[in-house]
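Some notes on the structure that comes next.
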Amino acid sequence: MNFQIRRVNPEEAPALSKIAFAAKAYWGYPERWMEIWRPQLLFSPRYFEENESWVTETNARPTAFCTLQEKEGNAWLENLWVAPEFVGQGIGKRLFLLAVGESRQRGYRTLRLEADPHALGFYEKMGMHKVGERYSEIEGQVRILPIMEMTL
């Protein structure tokens, strides 16, 4: 797969929001849940102005993106979304490794994230391990979101 990684242009927010929504829907969540989550999956240009983010593109089309933040003195991978038609082609891995490299370069000792339960296996393959859980509820159903970590 031939793709490039570059910094996000804030004006790409609508296209990246579509990627995030499609990537979440990829896991087969009920349509009603997707509508409840929609506001969390909509990104504004200001979000990308304020948060360091990278995008992959294939044939000049955005295909995935990630955001790196700092929380409690740790590097925090806040977003890693891959368009469903590009899942399994190494794009997520490349973005993850970019986040690891950027985190190390900045002197962080730990990279953390809160994972969708369906992505747990991917993050474990990348060398992360579960260090906690966050419980949430949607329409009366409890969801357990793994908190993942790796030493850099």
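The values are calculated or read from the model by the stated rules, or taken from the named source; none is laboratory data. Model, not experiment: these values are computed from the prediction. For neighbour counting, all protein chains shown are included, and Cβ atoms are generated from backbone atoms with ideal geometry for every residue, glycine included. Remember, those area values only see protein heavy atoms, side chains included, never the ligands or the DNA or RNA. Shrake-Rupley method; radii C 1.70, N 1.55, O 1.52, S 1.80 Å.
Among (1) among the hydrophobic types (A, V, I, L, M, F, W, C); (2) over 16 Å from the mean Cα position of the chain (by Cα); (3) closer than 19 Å to residue 34 by Cβ, where does residue 115 come up short?
The failed condition is (2).
Which residue, of 77, 16, is among the aliphatic types (A, V, I, L, M), surrounded by 14 or more Cβ atoms within 10 Å (Cβ to Cβ) and free of Cβ contacts under 8 Å to residues at least 60 places away in the same chain? Let's see the steps before the verdict.
On the way: 16 fails: free of Cβ contacts under 8 Å to residues at least 60 places away in the same chain.
Residue meeting the stated conditions: 77.
Name the one entry in 27, 37 that is in contact with a helix residue (DSSP H, G or I) (Cβ under 8 Å, 6 or more places away or on another chain), of a type in the set (A, V, I, L, M, F, W, C) and loosely packed, with under 15 Cβ neighbours inside 10 Å.
Numbers: 37 fails: loosely packed, with under 15 Cβ neighbours inside 10 Å.
Step by step, each of 27, 37 is checked, and only 27 is in contact with a helix residue (DSSP H, G or I) (Cβ under 8 Å, 6 or more places away or on another chain), of a type in the set (A, V, I, L, M, F, W, C) and loosely packed, with under 15 Cβ neighbours inside 10 Å.
Based on what the data block shows, is residue 43 open to solvent by less than 50 Å² (accessible area, probe 1.4 Å), of a type outside the set (Val, Ile, Thr), more than 24 Å from residue 128 (Cα to Cα) and assigned to a loop (DSSP other than H, G, I, E, B)? Write out each step before concluding.
Numbers: open to solvent by less than 50 Å² (accessible area, probe 1.4 Å): yes; of a type outside the set (Val, Ile, Thr): yes; more than 24 Å from residue 128 (Cα to Cα): yes; assigned to a loop (DSSP other than H, G, I, E, B): yes.
Against the criterion (open to solvent by less than 50 Å² (accessible area, probe 1.4 Å), of a type outside the set (Val, Ile, Thr), more than 24 Å from residue 128 (Cα to Cα) and assigned to a loop (DSSP other than H, G, I, E, B)), residue 43 qualifies.
So that you can scan it fast, the table gives a plain yes or no per residue for (1) in contact (Cβ under 8 Å) with a residue 12 or more places away in the chain; (2) not β-branched (Val, Ile, Thr):
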{"position": "96", "(1), (2)": "yes, yes"}
{"position": "103", "(1), (2)": "yes, yes"}
{"position": "107", "(1), (2)": "no, yes"}
{"position": "112", "(1), (2)": "yes, yes"}
{"position": "122", "(1), (2)": "yes, yes"}
{"position": "130", "(1), (2)": "yes, yes"}
{"position": "139", "(1), (2)": "yes, yes"}
{"position": "144", "(1), (2)": "yes, no"}
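Select, from 16, 80, 68, the only residue that is part of a helix (DSSP H, G or I) and either of a type outside the set (D, E, K, R) or out of contact with any Phe, Trp or Tyr (no Cβ under 7 Å at 6 or more places or on another chain) (or both).
Only one candidate qualifies: 16.
Find all pairs meeting these conditions: Cβ atoms under 9 angstrom apart; at least six residues apart or on different chains; first residue within segment 30-53 and within 15 Å of residue 116 (Cβ to Cβ) and in contact (Cβ under 8 Å) with a residue 60 or more places away in the chain; second residue open to solvent by 80 Å² or more (accessible area, probe 1.4 Å) and not acidic (Asp, Glu).
Matching pairs, first to second residue: 33/141.
Does residue 49 satisfy being outside any helix (DSSP H, G or I), on the phi < 0 side of the Ramachandran plot and either open to solvent by 60 Å² or more (accessible area, probe 1.4 Å) or among the aliphatic types (A, V, I, L, M) (or both)? Let's see the steps before the verdict.
Working: outside any helix (DSSP H, G or I): no; on the phi < 0 side of the Ramachandran plot: yes; either open to solvent by 60 Å² or more (accessible area, probe 1.4 Å) or among the aliphatic types (A, V, I, L, M) (or both): yes.
For residue 49, the condition - outside any helix (DSSP H, G or I), on the phi < 0 side of the Ramachandran plot and either open to solvent by 60 Å² or more (accessible area, probe 1.4 Å) or among the aliphatic types (A, V, I, L, M) (or both) - is not met.
Scanning segment 1-13 for residues that are of a type outside the set (Phe, Trp, Tyr) and in contact (Cβ under 8 Å) with a residue 60 or more places away in the chain, which turns out farthest from residue 102 (Cα to Cα)? Break it down into steps so the answer makes sense when it comes.
Filtering segment 1-13 for residues of a type outside the set (Phe, Trp, Tyr) gives 1-2, 4-13.
If we keep only those that are in contact (Cβ under 8 Å) with a residue 60 or more places away in the chain as well, we get 1, 5.
Numbers: 1: 23, 5: 13 Å.
Applying the filter and picking the extreme gives 1.
Filter segment 93-143 down to the residues that are in contact with a Ser or Thr (Cβ under 8 Å, 6 or more places away or on another chain) and within 22 Å of residue 72 (Cα to Cα) and list them by number.
Here is the first cut: in segment 93-143, the residues in contact with a Ser or Thr (Cβ under 8 Å, 6 or more places away or on another chain) are 94-95, 109-111, 142-143.
Listed by number, the residues that qualify are 109, 110, 111.
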